[in-house]
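Worksheet: the structure to be examined is printed underneath.
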């Protein structure tokens, strides 16, 4: 028998009796999958790990606190033998053979009638990997193969498009602060399955080069009708392509709902009756300072942080920001889209009580290869921006947290 490979099969154990002998770490690892499969699990063991005991207390399994006894496998469909007693394991394995119960043994795979594959999950698919060579079983290799396949499916490097269950629609994907490795796993997978990608200038541009040739990429920054009509044009493009039955990804920088006008797009799609999935992204308001060595909160320094749009100046009638109140806060202030307005912002904060010596850091092109950090104070930041030629996109951090970490290299 050992000369032939195992025959792979998926067991449907819902409501069926499964017996686990031994309550140690092997059972702790295997029980969650059996519970998730809906099996009626009976654990036979004098002792159990705290995690296994918690499963019994929660009613997920039935625990008989005793050693194995002949007859324990009666009416079982599947058995996992994992006790520390070799004699009990041998006796239970023999009972499983007599009753034709598929049996896994943790201590001696060659004497088992079943092997547990290395398994992983991705979007409703279970990946199970078994060694085909019975004599050369290598659990580490099978686990490595499993991990590679699951990771590839999750991050989009292994493309397996849906066919029967795939439905057209739009996915609003937050691409993160710029580094292609900082997009979420789900976002990258949806990007790999897209027919059309409508991308922002601030999205992770490097990912677009990985898309298959058939994918249509639309630069949202170059959609016609001018700046005032740009958002309406983007909305129309999303609707038009989705109505053609295509899978559309709207790739945005950062998080779609942090100054990203994502809800406007969701609302437009809803009015058009088009399904939309929102995939949150890592916001640059937190990640870019972190990449530059700045924590937005720190014990004993800042107990809050506030994220503000600086695209209009404090004295602009369109501003919705209560700058005087922000000046009275003692925590961290993170300003997005405020490079060209930072002089006026700094003046306003100082005028309403913030110290002119408050540290300021500007992080340009955060998380990318072009990232650079420029430090100043509220009193000097306007001149520093001009002297250092700081350009958007840049995240501005104001507060004592700027001085918490190691000083940046000159």
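The values are calculated or read from the model by the stated rules, or taken from the named source; none is laboratory data. Note that the coordinates shown come from a computational prediction; the quantities given were computed from them, not determined experimentally. A quick note on method: Cβ atoms are made from the backbone with ideal geometry, for glycine too, and the neighbour counts reach across all protein chains shown.
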### Check on residue 111, assigned by TED's automatic domain parsing to the domain that holds residue 34, over 19 Å from residue 23 (Cα atoms), in contact (Cβ under 8 Å) with a residue 12 or more places away in the chain and surrounded by fewer than 16 Cβ atoms within 10 Å (Cβ to Cβ)
yes
### Query
For the stretch 381-395, does any single residue satisfy the condition of being out of contact with any helix residue (DSSP H, G or I) (no Cβ under 8 Å at 6 or more places or on another chain), in a strand (DSSP E or B) and at negative phi?
no
## Note on the structure
Among (1) more than 34 Å from the chain's Cα centre (by Cα); (2) under 21 Å from residue 16 (Cα atoms), residue 117 falls short only on (1)
### Task
Filter the stretch 137-157 down to the residues that are closer than 28 Å to residue 279 by Cα and outside any helix (DSSP H, G or I), then identify the one that is modelled with the lowest pLDDT.
156
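Every residue, every condition in (1) touching a strand residue (DSSP E or B) at 6+ places or on another chain (Cβ under 6 Å); (2) touching a residue at least 24 places away in the same chain (Cβ under 8 Å), yes or no:
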{"position": "341", "(1), (2)": "no, yes"}
{"position": "346", "(1), (2)": "no, yes"}
{"position": "352", "(1), (2)": "no, yes"}
{"position": "374", "(1), (2)": "yes, no"}
{"position": "380", "(1), (2)": "no, no"}
{"position": "385", "(1), (2)": "no, yes"}
{"position": "394", "(1), (2)": "yes, yes"}
### Query
Somewhere in the stretch 270-292, is a residue in a helix (DSSP H, G or I), over 26 Å from residue 363 (Cα atoms) and over 26 Å from the mean Cα position of the chain (by Cα)?
yes
### Message
If I filter the stretch 217-232 down to residues being surrounded by 14 or more Cβ atoms within 10 Å (Cβ to Cβ), at pLDDT 80 or above and over 12 Å from residue 251 (Cα atoms), which single residue comes out as farthest from the chain's Cα centre (by Cα)?
### Response
230
### Summary
Scanning the stretch 73-92 residue by residue, those within 17 Å of residue 24 (Cβ to Cβ), in contact with a helix residue (DSSP H, G or I) (Cβ under 8 Å, 6 or more places away or on another chain) and not in a strand (DSSP E or B) turn out to be 82, 83
